[in-house]
Amino acid sequence: MDEKNKLKITIIKNGPYLVEGDVPLVRKTQIVSEYGEPLTWQTLDKIETPPESYALCRCGNSKHKPFCDGTHQRVPFDGKETAITDGSDENKRKLPGGKHLIVYVDSDLCMSSGFCNLRNIGIVNLVIDSEDTMKRSLAMAMIERCPSGALTYQIEPDEPEIEPDLPKQIADSIEITSDGPIEGPLWVTGYIPIVRSDGMPFVARNRVTLCRCGQSRNKPLCDGTHRHNAEWKSFWKE
């Protein structure tokens with residue numbers, strides 16, 4: 001078995017994420033404009049992990065974040081997993097317009113990272129005006145920086161959807177994300193297998209975001225709750 005096939009994330013019922021296969025753990029943060037608009041990602045550092053396997057907090061109450069310290073066993077945590085696992089297109093819709101650019105949004109994956117909108121233009125208008133090469137290029141860049149994979153695109157209807165070629169240093173890894181003082185989800189990249197607590201596998205994805213504040217209504221996926229709950233803004237300290 002090659003090293004790639006050893007990588008796996010298993011969700012423990014009402015407990016942590018069990019990471020197997022010596023998956024690198026990296027800390028990343030958003031680079032934002034002077035207006036607070038997300039522009040790109042910056043790698044801060046690599047977090048040292050135990051060999052072979054480690055457990056990451058899912059309830060949001062660990063005193064040893066990002067690692068689990070067993071707090072979920074003392075503080076009640078409902079980690080029920082309700083997110084769609086089979087990769088169905090139930091919540092996927094096509095944005096209107098588009099010239100040499102067809103964009104889809106999957107609302108079940110979205111975690112409100114903010115890369116799809118600048119203060120004076122957003123992905124919707126960019127797609128409508130995508131006959132303009134500059135606007136088409138900006139739309140593609142926005143989509144490829146979306147950590148959750150909620151945004152995807154294809155050039156023509158009969159062509160496959162295009163996934164970004166992730167930099168080698170973050171492929172097959174888990175990123176601990178943040179937006180300034182606000183700690184964000186786990187950003188899992190490189191089609192690492194994710195298995196629910198009932199043994200049901202998620203469809204493999206190049207990028208997906210997992211909740212680590214414990215408050216998502218779409219567990220185990222992040223739904224952006226951490227960005228809208230003021231309590232968590234001050235709580236999330238590693």
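Taking 20 °C and 1.002 mPa s as conditions, region 92-154 diffuses translationally at an estimated 188 µm²/s according to Stokes-Einstein applied to its Kirkwood radius (Cα pairs). Evaluated with a Cβ-only charge set (Lys, Arg +1; Asp, Glu -1), region 92-154 carries a dipole of roughly 40 debye about its Cα centre, given to the nearest 20. Show the residues, 5+ positions off or on another chain, whose built amide H is closer than 5 Å to the amide H of Ser173. For Ser173, whose amide H was placed from the backbone, the distant partners under 5 Å are Thr189. With semi-axes defined as the square roots of five times the eigenvalues of the C-alpha gyration tensor, the equivalent ellipsoid of region 91-231 measures 26, 18, 14 Å, largest first.
Convex hull volume of the C-alpha atoms in the chain, normalised per residue: 132 Å³. Each helix, a run of at least 4 DSSP H residues, gives -39500 (n - 2.57); summed and divided by the residues of the chain, these come to -3500 deg cm²/dmol at 222 nm.
Excluding Glu81 itself, calculate the net charge of residues whose Cβ lies under 12 Å from the Cβ of Glu81, where each Lys or Arg counts +1 and each Asp or Glu counts -1.
On the way: positive: Lys13, Arg58, Lys80, Arg196, Arg217, Lys219; negative: Asp78, Asp198.
Net of charged neighbours comes to +4.
Distant-in-sequence amide contacts of Val208, defined by a placed amide H-H separation under 5 Å and a gap of 5 or more residues or a different chain, comprise Val188. Label zone of Lys6 (point 7 Å out along Cα→Cβ, amide N under 16 Å): in region 52-67 this covers 52-54. Phi-derived couplings, Karplus 6.51 cos²θ - 1.76 cosθ + 1.60 at θ = phi - 60°, listed residue by residue for region 188-205: 9, 10, x, 6, 5, x, 10, 10, 5, 5, 8, x, 6, x, 6, 5, 5, 10 Hz, with x used for Gly and Pro. When Asp165, Asp158, Asp172 are arranged by Cβ crowding within 10 Å, least crowded first, meaning fewest neighbours, the order is Asp158, Asp165, Asp172.
Once the dipole of the chain is set up with Lys and Arg at +1 and Asp and Glu at -1 on Cβ about the Cα centre, which of Gly199, Ser137, Gly60 lies farthest towards its positive end? Result: Gly60, furthest along the dipole toward the positive end.
Each label point was placed 7 Å from the Cα along the Cα-to-Cβ direction; for Ala204 and Glu161 their separation is 1.6 nm. Between Leu39 and Ile31, Val32, Ser33, the built amide H atoms are under 5 Å apart, and every one of these is 5 or more places off in sequence or on another chain.
Take the Cβ atoms of Lys46 and Gln154, set R0 to 41 Å, and the FRET efficiency comes out at 0.75. Looking at region 131-219, the GluC sites (Glu not before Pro) that sit in a DSSP loop and have at most 13 other Cβ atoms within 10 Å of their own Cβ are Glu131, Glu161.
Separation of the alpha carbons by more than 31 angstrom is noted, of Lys46/Lys99; Lys46/Lys219; Lys6/Lys28; Lys28/Lys135; Lys8/Lys92, for Lys46/Lys99.
Laboratory data are not the source of any read-out in this text; all were calculated from the coordinates shown. The structure presented is a predicted model; accordingly, all values stated were derived computationally and were not measured. All Cβ positions, glycine included, derive from the backbone under ideal geometry; neighbour counts span all protein chains shown.
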